[in-house]
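Data first, discussion second: the structure below is written as structure tokens.
The values are calculated or read from the model by the stated rules, or taken from the named source; none is laboratory data. Predicted model only: the values in this text are computed from it and were never measured. Backbone-built Cβ (ideal geometry, glycine too); neighbour counts: all protein chains shown. Keep in mind that these areas ignore ligands, DNA and RNA; they rest on the heavy atoms of the full protein, side chains included. Shrake-Rupley method; radii C 1.70, N 1.55, O 1.52, S 1.80 Å.
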Amino acid sequence: MEHTLMNLPFKEDALEPYISAETISYHYGKHHQGYVNKVNALVKGTPFENSTIEEIIEGAEGALFNNASQVYNHDFYFRSLSGDKSEPSQLLQDWIAREFGSMEDFKTRFSDTAASLFGSGWTWLCINNQNRLTIVPYSNAQSPLRDGLYPLLVCDVWEHAYYIDYRNARASYLEKWWNIVNWDFASERLGAYKYVEFPCDEHSGACG
Ligand code: MN
């Protein structure tokens, strides 16, 4: 199947002054589009020709995996952002308070994780296989889907996400990033989450 670039869920200048229209123009129009184009080129003649992006992430390796994963990651990133103010649902606030103590503690831990990720990558808020929130850094195009995680929110810390606006100051980008988080999206993701009973590990005896 032909993979297509998602529609950007906001106008290119909607995130200003925190992320400029120029950054979004390059990030969405060049980088994100580029990953879609590469998947379409690379998938030809492989067993994944009729696979969804998620199926490619699940089964492919190398360049095809990297580009498909980057399509998914950017789809998720742009849906994680909004120029409209939003608040986490009560349910999400409760989950965050239970896991991290407070919203402020959560933001600090998330930002610290994103700031200290070496090189290019992503920082995710996910639900793990114990039905608990977890903050996870991934390098390059690595995918939380491969680890059975259920993502709620993601921040792109590849330099192309912030270099036009913040140059090398990743910490400044992260500080401003909280102003444009789409909490409605993260709350919807949590609302759609299905609790999973995980079987006990037969080797370690640990239960999910
Ligand atoms: Mn990116």
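With every protein chain left in place, what is the accessible area per residue of the chain in square angstrom, probe 1.4 Å? Present the calculation step by step, with values, prior to reporting the outcome.
Values: 10630 Å² over 208 residues.
In whole numbers, the chain has 51 Å² accessible per residue.
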Rounded to the nearest 10 Å², the 1.4 Å probe accessible area of Met103 is 50
Any lysines whose Cα falls less than 28 Å from that of Lys176, other than same-chain ones fewer than 8 residues away, would be Lys11, Lys30, Lys85, Lys107
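Using helices alone, what [θ] at 222 nm do you get for the chain, with -39,500 (n - 2.57) per DSSP H run of 4 or more residues, divided over all residues and rounded to the nearest 500? Spell out each step's value before the answer.
On the way: 9 runs with 87 residues, N = 208.
Rounded to the nearest 500, the figure is -12000 deg cm²/dmol.
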For Leu81, other-chain or 5+-apart residues with amide H closer than 5 Å (H placed, Pro excluded) are Asn182
Given a Förster distance of 30 Å, the FRET efficiency implied by the Cβ-Cβ spacing of Thr4 and Leu91, rounded to the nearest 0.05, works out to 0.40
Kirkwood radius from Cα pairs of segment 65-127 plugged into Stokes-Einstein at 37 °C, 0.692 mPa s, gives D in µm²/s equal to 241
By the Kirkwood definition, with r running over pairs of different Cα atoms, the chain has a hydrodynamic radius in Å of 18.0
Per principal axis, largest first, the Cα atoms of segment 21-79 extend in Å by 38, 19, 18
Reduced to Cα centres, the span from segment 108-173 to segment 64-83 in Å works out to 12
Rounded to the nearest 10 Å², the 1.4 Å probe accessible area of His31 is 60
In segment 151-199, the chymotrypsin sites (Phe, Trp or Tyr not before Pro) that sit in a DSSP loop and have at most 11 other Cβ atoms within 10 Å of their own Cβ are Tyr195
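Between beta-carbons, use under 15 Å as the cut-off and find the net charge around Tyr28, counting Lys and Arg +1, Asp and Glu -1.
Values: positive: Lys11, Lys30, Arg79; negative: Glu12, Asp13, Glu16, Glu22, Asp75, Asp156, Asp165.
That sum, taken over residues with Cβ under 15 Å, equals -4.
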Expressed in square angstrom to the nearest 10, the accessible area of Leu91 with a 1.4 Å probe stands at 80
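For a Förster distance of 22 Å, can you work out the FRET efficiency between the beta-carbons of Glu54 and Ala192, rounded to the nearest 0.05?
With a Förster radius of 22 Å, E is 0.90.
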